[in-house]
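The numbers here are math on the coordinates, done by the rules we state, and not lab data. Bear in mind that the values here come from a model prediction, so they are computed numbers and not experimental data. With ideal geometry, Cβ positions are generated from the backbone for all residues, glycine too; neighbour counts draw on all protein chains shown.
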Amino acid sequence: MALAITAYGTKVLRKVCDEITADYEGLQVLIDNMWETMYEAGGVGLAAPQVNKAIRLFTVDTVQVYEGMKEDDKEDLFEDEQPVKEVFINAKITGESDEVWADNEGCLSLPDLSGEVERPWAIEIEYYDRDFNKQKKTFTGYNARVIQHEYDHTEGILYVDHLSGISKRLLKGKLNKIAEGKVAPRYRMRFAK
């Protein structure tokens, strides 16, 4: 079942989320619903706070992006790494590269907005997968960018927090409209009260 996506201005988006255990009630149904919500909204990642749950859980699917790219773009953004479709539970970034790169980012909680964000090219991350198997992996390029974006959600951080001061000021009016419920995205949203 597709869930409503929480809009900018909703308090849960600014919370540092709680870790969960394998017996978290309704976890598998929530994960299935998050996948459905993400795909319906046209996203490549979705974090639990975006469906009004303050828990350390997010989904990422860069496979769909990879399959639609030109070969040159695949080499630039994925290098030798395969795209990823994964559930991340209780994730913790344990390392990052000194090399950084900037690219345009958007967010389902901030419809019709985007901005250039600088992030590390590579990260090392520990997490539990959907079956609560412990994982420790390194991701690079586009995979790392999407994972960092969703990880930030579990830390109460939005991509606009990474923008320069002038970029933030330019978006302020649009952000206020989102917070006030004055936008009409193509997917269902839950606006702040």
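Would a scan of the stretch 164-186 turn up a residue that is surrounded by fewer than 13 Cβ atoms within 10 Å (Cβ to Cβ), more than 26 Å from Y24 (Cα to Cα) and among the hydroxyl-bearing types (S, T, Y)? Yes, there is a match, as at least one residue in the stretch 164-186 is surrounded by fewer than 13 Cβ atoms within 10 Å (Cβ to Cβ), more than 26 Å from Y24 (Cα to Cα) and among the hydroxyl-bearing types (S, T, Y).
Applying the condition of being in contact with a strand residue (DSSP E or B) (Cβ under 7 Å, 6 or more places away or on another chain) and among the charged types (D, E, K, R) to the stretch 146-174 and asking which residue is farthest from V16 (Cα to Cα) yields K174. Taken residue by residue, the stretch 60-73 has no member that is surrounded by fewer than 22 Cβ atoms within 10 Å (Cβ to Cβ) and under 19 Å from T21 (Cβ atoms). In the stretch 129-140 there is at least one residue matching the filter, namely being farther than 21 Å from Y39 by Cβ, surrounded by fewer than 13 Cβ atoms within 10 Å (Cβ to Cβ) and among the polar types (S, T, N, Q). Screening the stretch 78-115 for residues that are farther than 28 Å from Q28 by Cα and under 15 Å from the mean Cα position of the chain (by Cα) and picking the one that is surrounded by the most Cβ atoms within 10 Å (Cβ to Cβ) gives E105. Among residues of the stretch 110-127 that are farther than 17 Å from V60 by Cα, those with a Cβ under 7 angstrom from a residue that is among the acidic types (D, E) and buried (at least 16 other Cβ atoms within 10 Å of the Cβ), sequence gap 6+ or separate chain, pair up as S114/E105; G115/E105; V117/E105; P120/E96. Each residue in the stretch 146-193 was checked for being in contact (Cβ under 8 Å) with a residue 12 or more places away in the chain and assigned to a loop (DSSP other than H, G, I, E, B), and 13 pass.
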